[in-house]
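Every read-out reported here was derived from the displayed coordinates using simple, explicitly stated rules and does not represent laboratory data. On a predicted model such as this, the values are computed, not experimentally measured, just so you know. FYI the Cβ positions are ideal-geometry reconstructions off the backbone, even for glycines, and counts take in every protein chain you see.
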Amino acid sequence: MQGTGPAAPPLKTIVLAAGLSLFAACAVSRPDIIQVGPWSEPRSWKQVPVLISREQITRPWGGVAIIHSKRIPAGDSNTIERQKFKARKMAAKIGADAIIITVGEVPSGPELGVYQEPEIYLSALAIKYVTSVSTATQEQN
């Protein structure tokens, strides 16, 4: 009989290893976050609107964090949507007032004879609105 005896791994171990491998392969990594301004008290992710460009901002603001995902296959729309949601939750956790999310294409190099699946990434800027603006040019009385 093959697969029996002290050298053969138990079936439970094989099934567990296969399950963990499958889970790890399907798991989406968390985006990276870089602090570029002061963070505030956390808020609900529902209170953090998602913007697609700076032109949508109508009042003074400052960036508080840059959020960037790993590379994702371009055809994997479910993963990019999950990354957008994670970025929004991360922005809420640091007290951002809004988040600007864009999706960029990873440039592919000239690989002779090798097909390379197109990849994309998420890039976001968490912002905080300015409550009072002071300038150095204000006259003092």
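General observations
- Segment 29-129: antiparallel DSSP beta bridges as a percent of all, rounded to 5: 90
- Among the GluC sites (Glu not before Pro) found in segment 57-122, those both in a DSSP coil and sparsely packed, with 16 or fewer other Cβ atoms within 10 Å of their Cβ, are 111.
- Amide H contacts of residue 119 (H built 1.01 Å from N, under 5 Å, at least 5 apart or other chain): 74, 106
- Of the trypsin sites (Lys or Arg not before Pro) in segment 24-117, those whose Cβ has at most 14 other Cβ within 10 Å and which sit in DSSP loop: 70, 71
- Each of 114, 50, 36, 64 was scored by other Cβ atoms within 10 Å of its Cβ. Listed from fewest to most, they are 114, 36, 50, 64.
- In terms of surrounding Cβ atoms within a 10 Å radius of their Cβ, 76, 97 rank from fewest to most as 76, 97.
- Residue order, fewest to most beta carbons within 10 Å, for 129, 115: 115, 129
- Database remark: amide H of residue 98 closer than 5 angstrom to the amide H of 127 (H placed geometrically; neighbours at sequence offset of 5 or more, or on other chains; Pro and chain starts carry no H).
- Note on residue 89: aspartates and glutamates with a C-alpha under 15 Å away, same-chain residues under 8 apart excluded, are 32, 41, 81, 97.
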